[in-house]
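K.L.:
The structure is given below, and queries will be raised subsequently.
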Amino acid sequence: MKDYLSVIRSSQLFSGVSEEEVIAMLSCLKAERKDFPKDAFLLRAGDTAESIGLVLSGSVLVIQEDIWGNRNILSKAGPGQTFAAAFACAPGSRLNVSVVAETPVTAMFLNVKRILTVCPSACTHHSRIIRNLLGELAGKNLRFSEKLTHMGQRTTRAKLMSYFSAEAQRLGKYEFDIPFSRQQLADYLGVERSGLSLELGKMRGEGLLDFHKSHFVLKV
C-alpha cells in the first residue's frame, strides 16, 4: 500500500492527515487492496457493502442497468476518489447500482465500522477522517442533485447546456475536459449517443462551443 500513499493522501477522505498517520490508520481501518481487470465488476447491484472503496489507480463507473441492459451512468471515480460510501454507511442496505472497472483498476477497501467507531484515545486524525467522510458524502449528494437537474431538462440540447454550465461554474472557467466519452456522456444524461453527437455538431456550427474529443470550449 505504501506505493499509493501519495494518492491516498490526495483524497478528500484523508485530507489533512499526515503520511505517518495514514500508515497507522490503514492498519487500524483494515485496509485491503484489490486489483481488477477492465470491465470487471467491483460491486454488483444487490450486494451489500461493508467497506468504502477508494480508487488507487485507473477509473471506475457507478452505473444502473435495467433487465434489458440499458445503462445509466451515475458517476465516475478516478485515483483518490471513493465509491459505495453511502451504502457502506447504511448497514444492511443493498446496492441499487453496480461499480465496474472502466480501465484496469487497483482499489483499496476500508471497513466502515472501523472508520465510524472512534478509537479509545479519540485521536485527532481519526476524528478528522470522519469529518472528511461527511464532507465527501455531502459533496456527492450535491453532484447527484445536479445530475437530476440536467436530466430534468426536456431536450438533448437543454441537458447539454445544463451540464456544461454546471461544469464551467464548478471549475471557474469556460475551457475544460470532461471525464466522459461520447457514449458515457449520453448514458450520463439519459439520451441517445447519435442524438447527442448531432446536437453537439449543431451547437458548434452555431458558435456556442467548440470541442475535440473530451476537451470543450464554451463561447459566451
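K.L.:
Consider A84 carefully, then state whether it is hydrophobic (A, V, I, L, M, F, W, C), out of contact with any Gly (no Cβ under 6 Å at 6 or more places or on another chain) and either under 30 Å from K2 (Cβ atoms) or at pLDDT below 95 (or both).
P.N.:
no
K.L.:
Tell me, yes or no, whether segment 140-154 has at least one residue that is part of a loop (DSSP other than H, G, I, E, B) and aliphatic (A, V, I, L, M).
P.N.:
Filtering segment 140-154 down to residues part of a loop (DSSP other than H, G, I, E, B) leaves 152-154.
From what is left, the residues that are aliphatic (A, V, I, L, M) are none.
Among the residues of segment 140-154, not one is part of a loop (DSSP other than H, G, I, E, B) and aliphatic (A, V, I, L, M), which makes the answer no.
K.L.:
Now, a different point. Between residues in segment 178-201 that are in a helix (DSSP H, G or I) and residues that are at pLDDT below 95 and among the polar types (S, T, N, Q), which pairs lie under 8 Å by C-beta distance while being six or more apart or on different chains?
P.N.:
Taking only residues 6 or more apart or on different chains, the pairs are D187/N72; Y188/N72.
K.L.:
Would it be correct to say that V118 is of a type in the set (A, V, I, L, M, F, W, C) and surrounded by 13 or more Cβ atoms within 10 Å (Cβ to Cβ)? Steps first, please.
P.N.:
Working: of a type in the set (A, V, I, L, M, F, W, C): yes; surrounded by 13 or more Cβ atoms within 10 Å (Cβ to Cβ): no.
When the stated conditions are applied, V118 does not pass them.
K.L.:
Moving on. Filter segment 1-23 down to the residues that are over 17 Å from T82 (Cα atoms) and in contact with a helix residue (DSSP H, G or I) (Cβ under 9 Å, 6 or more places away or on another chain), then identify the one that is surrounded by the most Cβ atoms within 10 Å (Cβ to Cβ). Explain how you work it out, then say what you get.
P.N.:
Taking segment 1-23 first, the residues over 17 Å from T82 (Cα atoms) are 2-3, 18-21, 23.
Those still in the list that are in contact with a helix residue (DSSP H, G or I) (Cβ under 9 Å, 6 or more places away or on another chain) too: 2, 18-19, 21, 23.
Details: K2: 10, S18: 11, E19: 13, E21: 18, I23: 14.
Only one residue tops the list, namely E21.
K.L.:
Would you say T106 is of a type in the set (V, I, T), modelled with pLDDT of 90 or more and over 30 Å from C28 (Cβ atoms)?
P.N.:
Numbers: of a type in the set (V, I, T): yes; modelled with pLDDT of 90 or more: yes; over 30 Å from C28 (Cβ atoms): no.
Taking the combined requirement at face value, the residue does not satisfy it.
K.L.:
Output the number of residues of segment 170-189 satisfying the condition of being over 17 Å from S59 (Cα atoms) and modelled with pLDDT of 95 or more. Let's see the steps before the verdict.
P.N.:
Pass one, segment 170-189, residues over 17 Å from S59 (Cα atoms): 170-176, 186, 189.
Okay, now just the ones that are also modelled with pLDDT of 95 or more, so 171-176, 186, 189.
So the answer is 8.
K.L.:
Out of the residues in segment 202-220 that are in a loop (DSSP other than H, G, I, E, B) and out of contact with any helix residue (DSSP H, G or I) (no Cβ under 9 Å at 6 or more places or on another chain), state the one that is surrounded by the most Cβ atoms within 10 Å (Cβ to Cβ). Steps first, answer last, please.
P.N.:
Our first condition is that a residue be in a loop (DSSP other than H, G, I, E, B); within segment 202-220, this holds for 206-208, 213-214, 219-220.
When the remaining residues are screened for being out of contact with any helix residue (DSSP H, G or I) (no Cβ under 9 Å at 6 or more places or on another chain), the result is 206-207, 219.
Details: E206: 9, G207: 8, K219: 11.
Among residues in segment 202-220 that are in a loop (DSSP other than H, G, I, E, B) and out of contact with any helix residue (DSSP H, G or I) (no Cβ under 9 Å at 6 or more places or on another chain), the one surrounded by the most Cβ atoms within 10 Å (Cβ to Cβ) is K219.
K.L.:
Residue check, R143 against (1) surrounded by 15 or more Cβ atoms within 10 Å (Cβ to Cβ); (2) modelled with pLDDT under 95; (3) not polar (S, T, N, Q), all met but one. Which one?
P.N.:
(1)
The values are calculated or read from the model by the stated rules, or taken from the named source; none is laboratory data. Predicted, not measured: the structure shown is a model, and the values here were computed from it. Positions of Cβ are backbone-derived with ideal geometry, glycine not excepted, and every protein chain shown enters the neighbour counts.
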